[in-house]
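What follows is one structure encoded as structure tokens, with my remarks underneath.
The values are calculated or read from the model by the stated rules, or taken from the named source; none is laboratory data. It should be emphasised that the depicted structure is a prediction, and the values quoted were computed from it without experimental measurement. Note: ideal-geometry Cβ built from the backbone for every residue, glycine included; neighbour counts use all protein chains shown. With ligands, DNA and RNA removed, areas are computed over all heavy atoms of the protein, side chains included. Shrake-Rupley method; radii C 1.70, N 1.55, O 1.52, S 1.80 Å.
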Amino acid sequence: MGSHDPRENAVGGDDMTIATLILGILLQIGRPPRVIRSPVESKARDFVTNFTKSRFDMASKDFNESMRVVVTPSALAEVKQQSDVNLGQFRSIVMVRQRREDNFRVVEVVCRFEKSLGAFRVAFDLLDNIGAVYLDPLTTEPVEPVLEAAAREFLKNFVAKDFEAATSHFDRNMQIQLSPSKLAKMQTQVANSYGEFRSVKEVRQITDESYRTIELIAVYDRSPVSIRIAFNSEDLVTGIKLVPVAPENP
């Protein structure tokens, strides 16, 4: 799936059909809390918005003097033309994160394009002006280590039947709707259907700006299982979905 919405399905407790949806607690959740963005993130987002809409004079408004000399609006237009060939049309921003590279602050804006994902890396100087911009294609969406660790921790506690620990990082709605006792019933259903948990085979991330989902492909005795754990902007679990993985064609 291209963009996973953790609000798309909801099921209730004992009426769950194991054959089709073992753990479908993708709950109805409210509007995500408003996030206050740093000045450099706002400038990076502005650049991406203006660049992808071919507003090249506006895209260069936060460049420092050195960048203005080298990367003119006409140069940006050429880059956009090549980007359209390689990546296709811009669709959406899926993830924004900040880090340091060689003592520069960098805002990485991962975007979904028509043909693939792509990442803008926008580097800032000491005055919060843009000093460099890179655009690279991505074959897969990068997985955030903090979210992967949280997803693996949930699975470890779920398998070990430590349901108090498994629910400790749920958001308020999840804590209300999926108590430790309900999670225990689901763990029993999963074990009865798929056998004993063996290992995590693969980890993926799916993001749609508001919610970031970690998908763990877990190997059980009888079948691999897709476990999708959705996180809100505060890194709390806001939805879980568990379904069997269809067998690969020979």
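Structure summary
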item	result
Partner lysines for Lys61 [C-alpha distance under 26 Å; skip if fewer than 8 residues away on the same chain]	Lys43, Lys53, Lys80
Rough spin-label spacing in nm, given labels placed 7 Å along Cα→Cβ, for Lys61 and Asp162	5.1 nm
Segment Val70-Arg97, extension gain: residue separation times 0.36 nm, minus the distance between their alpha carbons	7.1 nm
Nearby lysines by direct alpha-carbon distance to Lys185 (threshold 20 angstrom, same-chain neighbours under 8 apart not counted)	Lys156, Lys161, Lys241
Cα-centred dipole magnitude for segment 101-167, charges only on beta-carbon of K, R (+1) and D, E (-1), debye, nearest 20	260 debye
Where Rh is the Kirkwood radius over Cα pairs, Rg/Rh for segment 59-131	0.99
Cα coordinate range in segment 90-145, projected on the principal axes (Å, largest first)	35, 25, 14
Segment 126-167: projected area of the alpha-carbon convex hull, averaged over directions, in nm²	5.7 nm²
Extension gain from Ala77 to Ile217, taking 0.36 nm per residue of separation minus the Cα-Cα distance	46.3 nm
Alpha-carbon centroids, segment 139-188 and segment 222-242: separation in whole Å	7 Å
With all protein chains modelled, accessible area of Arg97 [1.4 Å, Å²]	70 Å²
Amide proton proximity set for Ala132, modelled H, under 5 Å, gap of 5+	Ala123
Exposure ranking of Asp171, Asp136 by accessible area [1.4 Å probe, largest first]	Asp136, Asp171
Gain on full stretching of the segment that runs from Lys53 to Asp136 - 0.36 nm per residue minus C-alpha separation	28.1 nm
Accessible surface, 1.4 Å probe, highest first, among residues Arg198, Arg45	Arg198, Arg45
